[in-house]
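Remarks on the structure that follows.
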Amino acid sequence: MNEPWRDPLLPAPVRVADLLDRMTLEEKAGQLTGFWALPSRPGAPVAPMEDDSGEPAPRLDDLVVHGLGQLTRVFGTAPVTAEAGMERLASLQQRVTGAGRFGIPALAHEECLTGFMTLGATVFPGPLAWGASFDPGLVRRMAAAIGAGMRRVGVHQGLAPVLDVVRDYRWGRTEECIGEDPYLVGAIGTAYVQGLEGAGIVATLKHFAGYSASRGGRNMAPAAAGPREFADILVEPFVRALREGGARSVMNSYTDVDGVPAAADETLLTGLLRGELGFGGVVVADYYAVSFLETRHGVAGSRGAAGALALTAGIDVELPTARCYGEPLTGLVRAGRVPEALVDRAAQRVLLQKAQLGLLDPDWEPVKPEPVDLDPPENRALARFLAERSTVLLSNDGTLPLRPCRVAVSGPYADDPQAFLGCYSFPNHVALPGGPGPEVPTLGEALADAGFTVTADEPDVHVLVLGDRSGMFGRGTSGEGCDAETLDLPGDQAALASAVLDSGVPTVLVLVSGRPYALGSLAERASAVLQAFLPGQEGGAALARIISGAAEPSGRLPVSLPRRAGGQPGTYLRSRLGGRTDWSSVDPTPLFPFGHGLSWTSFTCSDLAVDPLAPTDGLVAVSVTVRNVGEVPGTEVVQLYLSDPEASVVRPERWLAGFGRVELQPGAAARVTFSVHADRTSFTGLDLRRRVEPGEIGVAVGRSSGDLPLQGSFTLYGPVRHPAADRVLSVPVEIVPVP
């Protein structure tokens, strides 16, 4: 082992510096591209505009002559068993390592938004369900299980989580988001990152930044966001997931903000991400995003020019395959039009990550193919538990929970098990209709297994299953490229629900959806309403357990549910003038607010105590007592909100500052204490610098953003403070049982 770069005992930067010195321009550029072996098969595309260029796909043998950065979705492109995928990956890696001078393997990446997106792997609940759980620890466990399966078969990187904060529910990719509040998104997203990274998989934060603010809720449309909204809402979850989660990869957004595409925005990808936030990992392009600079955004006149823009901005790896970062880019470098130092910069980042993953070690070899169970019983149990914890009981007149009786189960998704699955599940994303996939019981089947008599004749209760069928690019009512014009229930579902409610039979509405829908009077007429956000393959079993009372619905809304379909699509995170006023005839007040959710029992929240004073760099303790005053065990999600009655810029009417899940037996109580640092009141000021201002801060604690019975305040004193990049991002919560 005479070459330092091969020595695993040397520091990674020393190894990479030695390797870069030995590489040609083409070999360094080879590390900046991916390769995607797309199958020759009929059916719909598996990526946005995968044939957008109209050019023949590159051949692997042509690319690997100079080395290769990444292999794209070896498992997640076509139906293959785990063992067959391992064999395929090993074969591809042998071709990669056998072709170039250095024998460096490619990094293999896969999608993992609702689980490892491959045939036979567990399909977990989608991200809105993670948010609805208000349970970072459970989400961390799920991500660790996902990562363990990926690592077992030789995958290195997962393209998740999505940290886009929901701004317009009509956006089809709402189902891929965690919620409409940046603190909730940051807390849950960071937990996912910790679980995935803890399993040895590189987590990839998506989509940096502004994607969810696209105009009209249309996929890939230009984003409408000012600098304060961009910094304080859209970027905020990424800050926490990078610093507390340790994510090693970031993926750019497709959108452009104020005319600048994210893929070409040096201020965003280098100035903010690396300079201000201190990110030291690898930025990968969203699929075809580099090409889109030429073909969609129109800011580049050629493939090479698009590559130069993206590389200069800070995108290190072109995915899913090489088009702009190969010969078109190296040609510009050799012509003196692009500095070779930019190629060196990106190659260094890629090779440092490969060194961390052991891909530069002399004893590296592919994972040996063998049968692997990617859907073990413990995964299914975890998926069911998360589906239960994320189900939200919106309303209930006492009909739920049901005792065994005669139930009619109907609705467009009563017999469609794939309705429980998101667009980034393998069955909905890749497999053709009727193709292979996990066994997913329907709600009717699960209710029958729970002891109910499922019938269409003279039922005691009607269970009506409404919502979405997730798909891609118009092949569903929710999902990527499946945007909505209004928030009406899709198709004739509202009319169907009204007819069923007119029958006089007690009716439980079960919404299984990827976005919130306007229910209007339907919710008031129903005996009970349950909301499940694409609860995964165990969704039917979880819903049956909740309907029967075997499990508790302890989820809370991560997004508000609108009252009217045509009202302005807006979230709870708005200024006073963004809510109901006398100056507009449109009332955006939601039917059910952010954070809402009922239980089988009742709780009281009392004895608010707030430290009255703190410096602008200090801590404030906020404490309340929560008590289960019902007759059965239950879980309350205590939510802390702050407000700023007088600030130098317009602030949201209130914002979530902390939360805690409290499980209590009947009659039991706990003291819940939040430790609020002054940094949690910070915002972007007129000079676009983050600031903490002295003055009064309002405090409200309760069950949702619309149910806050305990009100108080504290005062920050001292000078205006400009917190640095290491500012406090989270609010710890302590839960102590009390008599």
Filter result for Ser302 (surrounded by fewer than 21 Cβ atoms within 10 Å (Cβ to Cβ) and among the hydroxyl-bearing types (Ser, Thr, Tyr)): yes
Any chance Gly154 is assigned to a loop (DSSP other than H, G, I, E, B) and among the small types (Gly, Ala, Ser): yes
Identity of the residue in segment 18-36, out of contact with any helix residue (DSSP H, G or I) (no Cβ under 7 Å at 6 or more places or on another chain) and crowded, with 16+ Cβ neighbours inside 10 Å, that ends up modelled with the lowest pLDDT: Trp36
Residue list for segment 240-283, restricted to those being surrounded by fewer than 20 Cβ atoms within 10 Å (Cβ to Cβ) and in a helix (DSSP H, G or I): Arg243, Glu266, Thr267, Thr270, Gly271, Arg274, Gly275, Glu276
Single residue of Glu696, Glu636, Glu663 found to be assigned to a strand (DSSP E or B), free of Cβ contacts under 8 Å to residues at least 40 places away in the same chain and either surrounded by fewer than 20 Cβ atoms within 10 Å (Cβ to Cβ) or charged (D, E, K, R) (or both): Glu663
Lone qualifier among Gly630, Gly685 - being under 30 Å from Arg389 (Cβ atoms) and touching a residue at least 24 places away in the same chain (Cβ under 8 Å): Gly630
Selected residue (only one of Gly179, Gly200, Gly186 is of a type outside the set (Asp, Glu), within 27 Å of Pro732 (Cα to Cα), modelled with pLDDT of 95 or more and in a helix (DSSP H, G or I)): Gly186
Residue that is modelled with the highest pLDDT [pool: residues in segment 424-459 that are among the aliphatic types (A, V, I, L, M), crowded, with 18+ Cβ neighbours inside 10 Å and under 26 Å from the mean Cα position of the chain (by Cα)]: Leu443
Pairs where the first residue, in segment 599-619, is farther than 12 Å from Leu664 by Cβ and the second is among the polar types (S, T, N, Q) and assigned to a strand (DSSP E or B), C-beta under 6 Å, 6+ apart: Ser606/Thr625; Asp607/Thr625; Ala609/Ser623; Leu613/Thr715; Leu619/Ser675
Leading residue by the ranking (farthest from Gln348 (Cα to Cα)) among those in segment 287-311 that are in a helix (DSSP H, G or I) and of a type in the set (S, T, N, Q): Thr295
Scan of segment 577-613 for residues that are of a type in the set (Phe, Trp, Tyr), at pLDDT 95 or above and farther than 18 Å from Arg389 by Cα, ordered by number: Phe592
Sole exception among (1) outside any helix (DSSP H, G or I); (2) modelled with pLDDT of 95 or more; (3) out of contact with any Pro (no Cβ under 8 Å at 6 or more places or on another chain); (4) closer than 26 Å to Gly476 by Cβ for Ala544, by number: (1)
Segment 192-208 residues that are over 19 Å from Ile178 (Cα atoms), paired with ones that are of a type in the set (Ser, Thr, Tyr) (beta carbon under 8 Å, 6 or more apart): Val202/Ser249
Contacts under 6 angstrom Cβ, first residue in segment 438-463 being within 30 Å of Leu119 (Cα to Cα), partner among the polar types (S, T, N, Q) and at pLDDT 95 or above, 6 or more apart: Pro438/Gln537; Val440/Gln537; Ala450/Ser548
Residues of segment 211-239 that turn out to be part of a loop (DSSP other than H, G, I, E, B) and closer than 24 Å to Arg651 by Cα, as a count: 4
Close pairs (8 angstrom Cβ cut-off, 6 or more residues apart or separate chains): under 21 Å from Phe124 (Cβ atoms) in segment 381-403, surrounded by fewer than 24 Cβ atoms within 10 Å (Cβ to Cβ) and among the acidic types (Asp, Glu) anywhere: Glu388/Glu552
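For residues that are assigned to a strand (DSSP E or B) and touching a His at 6+ places or on another chain (Cβ under 6 Å), tally how many sit in segment 680-693.
Residues in segment 680-693 being assigned to a strand (DSSP E or B) and touching a His at 6+ places or on another chain (Cβ under 6 Å): 1 in total.
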Filter pass, Phe714 being within 26 Å of Gly578 (Cα to Cα), outside the structural domain of Thr571 (by TED's automatic domain parsing) and aromatic (Phe, Trp, Tyr): yes
Any hit, segment 149-165, residues being in contact (Cβ under 8 Å) with a residue 12 or more places away in the chain, crowded, with 23+ Cβ neighbours inside 10 Å, under 24 Å from Tyr192 (Cα atoms) and charged (D, E, K, R): yes
Filter result for Pro366 (surrounded by fewer than 14 Cβ atoms within 10 Å (Cβ to Cβ), in a loop (DSSP other than H, G, I, E, B) and touching a residue at least 60 places away in the same chain (Cβ under 8 Å)): no
Long-range neighbours under 6 Å by Cβ, at least six apart or interchain, first residue assigned to a loop (DSSP other than H, G, I, E, B) within segment 118-129, second buried (at least 24 other Cβ atoms within 10 Å of the Cβ) and among the acidic types (Asp, Glu): Gly126/Glu175
Hits in segment 479-517 - residues which are without any contact (Cβ under 8 Å) to a residue 12 or more places away in the chain and on the phi > 0 side of the Ramachandran plot: Gly504
Index of the failed condition, Ala544 passing every other in (1) buried (at least 18 other Cβ atoms within 10 Å of the Cβ); (2) without any contact (Cβ under 8 Å) to a residue 24 or more places away in the chain: (2)
Qualifying position, being surrounded by fewer than 19 Cβ atoms within 10 Å (Cβ to Cβ) and either not assigned by TED's automatic domain parsing to the domain that holds Gln70 or not in a strand (DSSP E or B) (or both), among Ala381, Ala355: Ala381
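The values are calculated or read from the model by the stated rules, or taken from the named source; none is laboratory data. In this text, all values refer to a predicted model and were calculated from it rather than measured experimentally. With ideal geometry, Cβ positions are generated from the backbone for all residues, glycine too; neighbour counts draw on all protein chains shown.
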